[in-house]
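Below is one structure; the comments refer to it alone.
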Amino acid sequence: MFTIAPDRLLRTSVIYRRAVGDANAYQRMLRKNRLPKIRKFVARVDSLLPTNIVLHLSDKVTVDKIKESEFRDVSNNRITLSRSADYDLVVLNIPMEYASMELIDGQHRLYGFVETDAATKKDFALVVLGVRELSLKQRQEAFVAINDNSRRMDANLVAYLKYTQDDVACQKDNGLMAIRIVVDLNGVSPFKKAIKLLDVGQQKITLKNLSGYDLKGLLGPRGLLRKHYPSNIPEEYIRVLRMYFGIIHSTFKKEWNDPERYIVATNRGMSAFLKLLKSVLKTEKQPLTPTKVRGYMLALKAGFPTWEFNHLSDTYVGSQGWKELHRDIVKAIRKKFPHFKE
């Protein structure tokens, strides 16, 4: 634990972000609208930021221990500290080099100083918790642990930080498998760039929702996707979901391409169609074929009256709205396929 002036920290620290294209970067995007309020606060003569900034110290930062006998007060009296086994008194040698330290938490508090006057940047004492020798994975986990339960942290980004290409890890955890599949689906049709992966973007389908309860259930040990595609590898699940949602896209192309007006390519629509996928698998009791899926979607198109928000909003509201939507979708398909299962 130590204090440091904002001016020095701004010159020596770095923030890594996934949004800039580095798969290993973990910080969320800086929200510039928060900075003026912080700047105004820290410029006051009585301001105090009691919450510490968390940094990872690179190998460039060296540590020199202080001999206990050399630790004295202004009167040159030796200072005796209790519980000496719980800490070390050290001198940190922080070079004035960019990326000497990495911000794990506190970027807005730090960047609030950017446009303050020179005296504030030079004299303000920021409280810092510095950690060393953490792997990149451990730094990611620290960031999530600090922010996961905070409303400052976008839940969608928390999900994205858990993304891994480790097949074994995904096979052991259906939640990780769901995230892996959705992130990879965002790179191919019909979902190409249609899924919001970070805490920025205007997409109506989000990673958090699409990889949530319904998909995890289908991929779980007793899930129907897992049952009928027992190889349990991401590529096969992606193939099946691309086929399934590709047919939905082609059947309801106008609705899919206009998520502002229609519910199809939105979070609620995705929840309903994943529930419908479970119903299709219940009915077929075997791996799916494009012919079968297309037949059910054509029946749905003929039997379901409208997908417009204006006509659906009063019917499918509240936490149970998506369940009601799924039930009505099943009823529409049963007009042509009476034995279709819910």
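Data for the structure
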quantity: Residue identified as closer than 21 Å to residue 334 by Cα and either of a type in the set (Val, Ile, Thr) or buried (at least 19 other Cβ atoms within 10 Å of the Cβ) (or both) among 251, 206, 266; calculated: 251
quantity: Filter result (of a type in the set (Val, Ile, Thr), within 16 Å of residue 240 (Cβ to Cβ) and in a helix (DSSP H, G or I)) within segment 166-210; calculated: 181, 182
quantity: Any chance residue 121 is in contact with a Ser or Thr (Cβ under 6 Å, 6 or more places away or on another chain), at pLDDT 70 or above, surrounded by 12 or more Cβ atoms within 10 Å (Cβ to Cβ) and charged (D, E, K, R); calculated: no
quantity: Entirely in segment 233-332, the helices (runs of 4 or more DSSP H) that have 2 or more residues that are of a type in the set (Lys, Arg); calculated: 234-251, 253-256, 267-284, 290-303
quantity: Segment 127-139 residues that are outside any strand (DSSP E or B), paired with ones that are surrounded by fewer than 13 Cβ atoms within 10 Å (Cβ to Cβ) and not basic (Lys, Arg) (beta carbon under 6 Å, 6 or more apart); calculated: 136/24
quantity: Qualifying residue in segment 165-181 (condition: touching a strand residue (DSSP E or B) at 6+ places or on another chain (Cβ under 7 Å) and not basic (Lys, Arg)); calculated: no
quantity: Among residues of segment 212-232, those that are in a loop (DSSP other than H, G, I, E, B) and over 20 Å from residue 247 (Cα atoms), counted; calculated: 8
quantity: Selection from segment 90-119 of residues that are over 14 Å from residue 3 (Cα atoms), of a type in the set (Val, Ile, Thr) and touching a residue at least 60 places away in the same chain (Cβ under 8 Å); calculated: 114, 116
quantity: Selection status of residue 281, crowded, with 20+ Cβ neighbours inside 10 Å and in contact (Cβ under 8 Å) with a residue 24 or more places away in the chain; calculated: yes
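The values are calculated or read from the model by the stated rules, or taken from the named source; none is laboratory data. Computed from a prediction, not measured in an experiment: that's the story for all the values here. Here Cβ is always computed from backbone atoms with ideal geometry, including for glycine, and neighbour counts include all displayed protein chains.
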